[in-house]
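> Take a look at this one; I'll ask things after.
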Amino acid sequence: MNIMKTTEGSALNLALEGRLDTTTAPQLEAELRNSMNGITILNMDFEKLEYLSSAGLRVLLAAQKTMNKQGKMVIRHVNETIREVFEVTGFTGILTIE
């Protein structure tokens, strides 16, 4: 998985490409842990994300919990496969998906 990261003031923008699974979830978790200090808006672009496993969902849930205290998290450009994972798991009620 590739993570493209940009910061604009207190906004952190992450674009994910590839698979967010058991192997790559620790990579995203580390990136978030090292980048979230002082962030009030977390934008995640899933346009090029091909697969999302339960390990990836766990990382997203942890990020959402952090951002509930600090500001707002938005997930954008979700394809049908990933949207179905969010719907089946009930994450559409937890995450802001645009």
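> Starting from residues that are out of contact with any helix residue (DSSP H, G or I) (no Cβ under 8 Å at 6 or more places or on another chain) and within 19 Å of GLN64 (Cβ to Cβ), keep the ones in the range 1-24 and report whichever is surrounded by the fewest Cβ atoms within 10 Å (Cβ to Cβ).
To start, the set of residues in the range 1-24 that are out of contact with any helix residue (DSSP H, G or I) (no Cβ under 8 Å at 6 or more places or on another chain) comprises 2, 4, 6, 8-11, 13, 15, 17-19, 23.
Retained after the next criterion (residues that are within 19 Å of GLN64 (Cβ to Cβ)): 10-11, 13, 15.
Working: SER10: 12, ALA11: 14, ASN13: 16, ALA15: 18.
My answer is SER10.
> List, please: which pairs have Cβ atoms under 6 Å, are six or more places apart or on different chains, and start with a residue in the range 65-93 that is of a type in the set (Lys, Arg) and end with one that is at pLDDT 95 or above?
Short answer, once both residue conditions are applied: LYS72/ILE41; ARG76/ASP45.
> Just give me the residues in the range 1-52 being over 18 Å from MET73 (Cα atoms) and β-branched (Val, Ile, Thr), in sequence order.
Matches in the range 1-52: THR22, THR23, THR24.
> Out of the range 14-71, which residues are over 21 Å from GLU87 (Cβ atoms) and of a type in the set (Phe, Trp, Tyr)?
Within the range 14-71, none qualify.
> Same structure, new question: Within the range 25-62, restricting attention to residues that are of a type in the set (A, V, I, L, M) and either at positive phi or in contact with a strand residue (DSSP E or B) (Cβ under 6 Å, 6 or more places away or on another chain) (or both), which residue is surrounded by the most Cβ atoms within 10 Å (Cβ to Cβ)?
My answer is LEU52.
The values are calculated or read from the model by the stated rules, or taken from the named source; none is laboratory data. Not measured: the values here are computed from a predicted model. A quick note on method: Cβ atoms are made from the backbone with ideal geometry, for glycine too, and the neighbour counts reach across all protein chains shown.
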